[in-house]
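The values are calculated or read from the model by the stated rules, or taken from the named source; none is laboratory data. None of these values were measured; they are calculated from a predicted model. Every residue, glycine as well, gets a Cβ built from its backbone with ideal geometry; the counts of neighbours run over all protein chains shown. Note: accessible area is taken over every heavy atom of the protein model, side chains too, but ligands, DNA and RNA are not part of it. Shrake-Rupley method; radii C 1.70, N 1.55, O 1.52, S 1.80 Å.
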Amino acid sequence: MIQFNQSDRHRYDDIIDLPHHVSRTHPGMPAKDRAAQFAPFAALTGHGEAVKETSRLTERRIELDESAKAALDEKLRVIRSRLDIHPSAAITYFVPDGRKAGGAYEKAAGQVIGIDGYERVLFLEDGTKIPIAEIIEIESPDIGI
């Protein structure tokens, strides 16, 4: 706690009741601009976003072995042979992250309406396009896989 002695109390008595000084040459600052002087200052613009992006977690792509790749190829062959019935399927696939290494696994479900062998893309009825190279699992009760 700060202690004041008697001489400190009367230190500003000579100026305490004087009128506020108003400059004749400089106009007064608008209240909005004056308040802005005391606003927080971000010296490192974008630093918070960069830290948040760095801390965002991604998953590593799973590398399938040859037997798993063969099983997926067989499932795709069966689906392609049954495209006339638009079989429903649940497909788990990897989506690479656009900003950093890794990505995320997503699961899409719906009726398969096409497979483009040249572009290596599987199409679902809702417009979802899934790169065949990113698929790690296919389940389709409609055709028993």
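Considering only residues that are touching a residue at least 24 places away in the same chain (Cβ under 8 Å) and among the hydrophobic types (A, V, I, L, M, F, W, C), which ones fall in segment 69-85?
72, 76, 78, 79, 83, 85
Could you grab me the full set of residues in segment 129-145 that are surrounded by 16 or more Cβ atoms within 10 Å (Cβ to Cβ) and either at pLDDT below 95 or in a loop (DSSP other than H, G, I, E, B) (or both)?
Answer for segment 129-145, where residues must be surrounded by 16 or more Cβ atoms within 10 Å (Cβ to Cβ) and either at pLDDT below 95 or in a loop (DSSP other than H, G, I, E, B) (or both): 140, 145.
Considering only residues that are among the hydrophobic types (A, V, I, L, M, F, W, C) and outside any helix (DSSP H, G or I), look in segment 30-41 and name the one that is least open to solvent (accessible area, probe 1.4 Å).
This residue is 39.
Residue by residue through segment 86-119, note down the ones that are without any contact (Cβ under 8 Å) to a residue 24 or more places away in the chain, charged (D, E, K, R) and loosely packed, with under 12 Cβ neighbours inside 10 Å.
Answer for segment 86-119, where residues must be without any contact (Cβ under 8 Å) to a residue 24 or more places away in the chain, charged (D, E, K, R) and loosely packed, with under 12 Cβ neighbours inside 10 Å: 107, 116, 119.
Filtering segment 81-101 down to residues that are among the hydroxyl-bearing types (Ser, Thr, Tyr) and assigned to a strand (DSSP E or B), which residue is nearest to residue 115 (Cα to Cα)?
88
Can you tell me which residue in segment 6-29 is modelled with the lowest pLDDT, limited to those that are of a type in the set (D, E, K, R) and open to solvent by less than 100 Å² (accessible area, probe 1.4 Å)?
8
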